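Where a number appears in this text, it was derived from the coordinates with a stated rule and is not lab data. Nothing here was measured: the structure is a model prediction, and the numbers come from that model. Here the Cβ is made from the backbone with ideal geometry for all residues, glycine too, and neighbour counts use every protein chain on show.
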Amino acid sequence: MTSHHLCRSAQETMNLAADAAHLAQGGEVFALYGELGAGKTTFVKGLAAGLGFQQPVTSPTFNLVHYYRGGRLDLVHYDLYRLKRLEEVEALDLEQELSQENVLAIEWPKLVEPLLPDSRTYRVVFAETQDGAWRVSMTNP
Ligand SMILES: Nc1ncnc2c1ncn2[C@@H]1O[C@H](COP(=O)(O)OP(=O)(O)OP(=O)(O)O)[C@@H](O)[C@H]1O
Ligand SMILES: [Mg+2]
């Protein structure tokens, strides 16, 4: 099932993600698809807020991964924009994290798609509208 949401501000994108976080039970993967500046990190900020994290969420563009531990569920935030080869991802423990009771959010997930568990992966697609808002489409597992 795919749900469509019109997000006219970063706050609306965060609210959508926070709602998803409230429903999370652990083991969910949010694969975030959209161009540069589409709101993917903003969505992760909402996930973090919804899971109860107070600290600021910043983009892990250079480290590829940030960990948020000690919330209702732990959150692991990947940004794989700079990933060139699937082999590089081995160092990120992605597969190990996938097997644990936490929530994963992955920006630029194309390369790791073969590793994502279909039964637990929410695919979130961001598309800009003509008036500069963002249509966020979420496909449930
Ligand atoms: N629905 C929205 N409407 C308007 N502005 C938004 C919306 N969502 C996010 N923004 C703003 O757009 C900017 C870029 O957002 P963000 O960093 O989340 O994009 P991104 O998809 O993670 O980009 P990148 O591909 O570079 O990682 C931020 O300033 C954010 O506040
Ligand atoms: Mg980002």
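Summary of values
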| item | result |
| --- | --- |
| In order through segment 11-28: 3J(HN,Hα) via Karplus (6.51 cos²θ - 1.76 cosθ + 1.60), integer Hz, x for Gly, Pro | 4, 5, 5, 5, 5, 4, 5, 5, 4, 5, 5, 4, 7, 5, 10, x, x, 6 |
| Per-residue HN-Hα couplings for segment 102-116 [Karplus 6.51, -1.76, 1.60; θ = phi - 60°; Hz; x = Gly/Pro] | 8, 10, 10, 10, 10, 7, 6, x, 3, 5, 9, 3, x, 8, 7 |
| Segment 6-100: trypsin sites (Lys or Arg not before Pro) in DSSP coil with no more than 13 other Cβ atoms inside 10 Å | R8, R69, R82, K84, R85 |
| Fewest-first sequence of V89, V124 by Cβ atoms within 10 Å of each Cβ | V89, V124 |
| Dipole axis of the chain (+1 Lys, Arg; -1 Asp, Glu on Cβ), positive-most option in L6, N102, H66 | L6 |
| Local electrostatic count at E28 - Lys and Arg +1, Asp and Glu -1, tallied over other residues with Cβ under 14 Å | -2 |
| Low-density loop positions, GluC sites (Glu not before Pro), segment 54-130 - DSSP coil, at most 10 other Cβ in 10 Å | E101 |
| Sequence-separation-based contact order of the chain, relative, with Cα cut under 8 Å and 6+ spacing, percent | 35 percent |
| Three-way shape label, segment 43-141, alpha-carbon gyration tensor, a/c 1.5 | rounded |
| Dipole moment magnitude, nearest 20 debye, the chain about Cα centre, only Lys, Arg, Asp, Glu C-beta charged | 300 debye |
| Integer Hz, Karplus 6.51/-1.76/1.60 couplings in order for segment 41-56, x for Gly and Pro | 5, 4, 4, 5, 4, x, 4, 4, 4, x, 8, x, 7, 9, 6, x |
| Taking M1, M14 and counting other C-beta atoms within 10 Å, the order from fewest to most | M1, M14 |
